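Right, one structure below, let's go through it.
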Amino acid sequence: NTEIESVNESLYNLLSTSDSTVASNYILINNGIDLDEQETNELLNYVERGNSVFMASNWFGNHLQDTLNIQTTYTYSINEDSIYTSLTNKSFKAKKFAYKRAMRNQHFVSMDSLNSTILGNITFLEGEDFLEGGKETITKPNFIKVAFGRGNFYLNTNPEAFSNYYMLNNNQDYVANAFSYLNDESAVYWDNYKKSGRVYIQSPMRFV
């Protein structure tokens, strides 16, 4: 029943002027999220005060990745194989969610073990059929929690899982369970600004 506020401006503008005494969650979902140094520092301060940030993206920008000591990658394949995601918490049952197209096997290859917790994994096939030995099944972390100050970052490397296409194909429980980590009874900011193909200002002043 939490009210969701759509954000159509940079997170720096919003967070630098918002009431810091009100607890909130910030949700950013896009194929790529590259924050500049100023935006990164504002977001880090926001989480450090005890708020939560949920980011689903193939990459998270150098400034944020360096600060949180995380790194992601993916394995290239000429085939479009099925990819499966799962959540580690036993409360969510041992279910695997299937994604059969248009999802990259992006995953974490490095994280700060002292501050990070693996919340979910991605399973995919590595190798090509024409190579000797065929393909190997690989499982890597794709959803982690990173503690920072009094708050947490929730980072997921597969934003496609949160798209309408896959939520309407019986994978809605994955999205609901992933979001369940966010703080209850807190305001929710939904980012509409850091979006690929977002609507730009139509005024001629946009050229200035």
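Worth pointing out:
- Classification of the range 14-134 by its C-alpha gyration tensor yields a prolate form. The axis ratio a/c (a ≥ b ≥ c) is 1.5 or more, and a/b outweighs b/c.
- Once backbone amide H atoms are built at 1.01 Å from N, W59 has I33 as its partners under 5 Å, excluding neighbours fewer than 5 places away on the same chain.
- Residue-span extension gain [N45 to I118] - 0.36 nm each, minus C-alpha spacing: 24.0 nm
- With all protein chains in place and ligands, DNA and RNA left out, the 1.4 Å accessible area ranks M111, M55, M103 as M111, M103, M55, largest first.
- In the complete set of protein chains, residue-level accessible area for Y74 is approximately 100 Å², probe 1.4 angstrom.
- Gain on full stretching of the segment that runs from Y165 to S77 - 0.36 nm per residue minus C-alpha separation: 29.4 nm
- Extension reserve of the E5-S20 stretch, reckoned as 0.36 nm per residue once the Cα distance is removed: 3.8 nm
- Separation in nanometres of the label points that stand 7 Å from Cα toward Cβ, at N69 and I138: 2.4 nm
- Sites K96 and A147, calculated FRET efficiency, Cβ-Cβ separation with R0 30 Å, nearest 0.05: 0.65
- Most fluctuating residue given options V22, V175, V146, as computed from a GNM of the chain linking Cα atoms under 10 Å: V22
- Crossing angle, helix 37-48 versus the chain [Cα axis fit, 0-90 degrees, rounded to tens]: 90 degrees
- Each residue of the range 11-24 is assigned a 3J(HN,Hα), and the resulting list reads 4, 4, 4, 5, 6, 6, 10, 7, 6, 6, 8, 9, 5, 7 Hz, derived from the Karplus form 6.51 cos²θ - 1.76 cosθ + 1.60 (θ = phi - 60°), x at Gly and Pro.
- For the options T85, T72, T17, a Gaussian network treatment of the chain with springs between C-alpha atoms closer than 10 Å singles out T17 as fluctuating the most.
- Among the listed pairs K140/K195; K90/K194; K93/K145, a Cα-Cα separation exceeding 30 Å is found for K90/K194.
- Sequence-separation-based contact order of the chain, relative, with Cα cut under 8 Å and 6+ spacing, percent: 30 percent
- Our note on the geometry: Cα centres of the range 162-179 and the range 38-104, 15 Å apart.
- Residues whose amide H lies under 5 Å from that of T75, counting only those 5 or more places away or on a different chain, are N105; hydrogens are built 1.01 Å from N in the peptide plane.
- Among G149, G50, G32, residue whose mean-square fluctuation peaks in a GNM of the chain (springs only between Cα atoms under 10 Å): G149
- Proportion of all alpha-carbon pairs of the range 26-73 beyond 14 Å (%): 50 percent
The values are calculated or read from the model by the stated rules, or taken from the named source; none is laboratory data. Treat the numbers as computed from the prediction; the structure is a model and nothing was measured. Glycine also receives a Cβ, built like all others from the backbone with ideal geometry; neighbour counts cover every protein chain displayed. In case anyone asks, the SASA skips ligands and DNA or RNA and just uses the protein heavy atoms, side chains included. Shrake-Rupley method; radii C 1.70, N 1.55, O 1.52, S 1.80 Å.
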